Every structure is written in C-alpha cells, then in structure tokens.
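Heads up, the thing below is written out as structure tokens.
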Amino acid sequence: MTQGRFITFEGGEGSGKSTQAHLLQQKLGEISIEAVLTREPGGSPGAEEIRHLLMRGESERWSPLSETMLLYAARADHLMRTIRPSLRRGYWVISDRFADSSHAYQGAASGVSTELLDQLDAAVVESTRPELTVILDIPADIGLKRAERRQDEEEFRLEDRFERRRLDFHERLRQGFLEVAERSPERCVVIDGLKPAEEVAALVWHAVQTRLLETE
C-alpha cells in the first residue's frame, strides 16, 4: 500500500478553512480516495484535552511561550495517534490547521522566535510535513466579522480566546500566513477567501490536481 498524502488548510479567523476542508474530503471521496479529516489543536483524544485548555478563558490566560508549548504537545499526540497511522495506511489526511498556524499565531502575531518554532518543528513534526498547504487569505476585519456570525455551540465561540484579540493581532496574523507562503511556494497556494465558497473549492481542487494527483 502506498503512503497517503498530507494536505493542510491555514488562514485567519473566518477565512472558511473548515468549510473547504470538508468540501475537499467529499471531492476526494468522489474519485474513491479515502481522506481523514482532522484539526488542530485537537485531532486525537489527548490533543482534544489540550484544545479545551487552550480555547477557553481570557485572551491572556497563557503567555505566548506557554501557548506554544501546549500546542506542540497537542501536535505530538495528533501526529502519533492520527496523522502518521493514517498516512501509513494509505489514507489522505486533511488537517484544518497544522504547524504553520504556530508560526503565524505564536510567531508573527505573538512574538515567539522563528528559531524556537523551527526547533520544535524539527523535534515534533520531523519529516511529517504537508505536501500541499492551502492558505485562505482574507482581510482581518472581514474575517472577524464573519467569525462573529458563526453559531457553533461546540466551540463556545464567545469564549474563543483568539477571536477576542485586537484587530492588530489579526493583521499580524494575516501577514504571518503570507510570509509562510513566500517562504514555501513549492508547498503553499494562497487563495482569495473573499471569493464565493464554490469558486474557492474549485481553486483548491485545481491545486490538488496539479500538485498531487498529476504527480502520482
């Protein structure tokens, strides 16, 4: 059995990542490719417990460094319990956020050094890197307005620490994701998240076809 493929979706709040991840899973299913849909923080029992700690409470509950260490602890469990076993079985894995989010949220937006994040990637992520990363780009103010309209009881949106941060945080976050794309153009594709969901899905599918399916 051949190794599966690893795809991640990244972007700021309200960018439509979760919707597009679901649509891609469905599209792959139409051509008989089984894809595991997962998320960060979370995606495994231990990582979901850490998610509960991270996503509740006041916006300054954790320092940027503490937040980073918790996220990488969750990522280690996610990789061990979900991502790597799925890839070994030949499944494709689609993750709503992965390590690039740490570089944008804790790095560009919160000031944790790139050197530390790179060291954590080397120790935790190792060689399990996404082959394709879709970054949905959207102005920070529009993304936050979209996020305010979400009705997601499971997430207790009003307690979401990231959404409650100031606009300048989210503007740095957006720039952080664009810098990720500039550093890794062979892996990343940036798509305008303001386009209708159907157009975004078509652009995502084009990226999957040209970068992954046509190379098999």
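Please go through segment 113-127 and pick out each residue that is touching a His at 6+ places or on another chain (Cβ under 9 Å) and of a type outside the set (D, E, K, R).
Within segment 113-127, 114, 117 qualify.
Matching residues to (1) part of a loop (DSSP other than H, G, I, E, B); (2) free of Cβ contacts under 8 Å to residues at least 12 places away in the same chain; (3) polar (S, T, N, Q); (4) out of contact with any helix residue (DSSP H, G or I) (no Cβ under 9 Å at 6 or more places or on another chain):
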| site | (1), (2), (3), (4) |
| --- | --- |
| 67 | no, no, no, no |
| 71 | no, no, no, no |
| 79 | no, no, no, no |
| 82 | no, no, yes, no |
| 87 | no, no, no, yes |
| 90 | yes, no, no, yes |
| 95 | no, no, yes, no |
| 102 | no, no, yes, no |
| 107 | no, no, no, no |
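Would you please list the contacts, defined by Cβ atoms under 7 Å and residues six or more apart or on different chains, that run from a residue in segment 31-48 that is closer than 17 Å to residue 102 by Cα to a residue that is charged (D, E, K, R) and assigned to a loop (DSSP other than H, G, I, E, B)?
Short answer, once both residue conditions are applied: 39/97; 40/97.
Filter segment 190-211 down to residues that are within 15 Å of residue 138 (Cβ to Cβ), of a type in the set (A, V, I, L, M) and surrounded by 15 or more Cβ atoms within 10 Å (Cβ to Cβ), then give me how many there are.
Qualifying residue count, segment 190-211: 6.
Across segment 109-122, which residue is surrounded by the most Cβ atoms within 10 Å (Cβ to Cβ) among those that are part of a helix (DSSP H, G or I) and without any contact (Cβ under 8 Å) to a residue 24 or more places away in the chain?
Here the residue is 121.
Every number here is computed from the coordinates shown, using simple stated rules; none is lab data. Computed from a predicted model, the values in this text were never measured in an experiment. We place every Cβ from the backbone using ideal geometry, glycine too, and count neighbours over all the protein chains shown.
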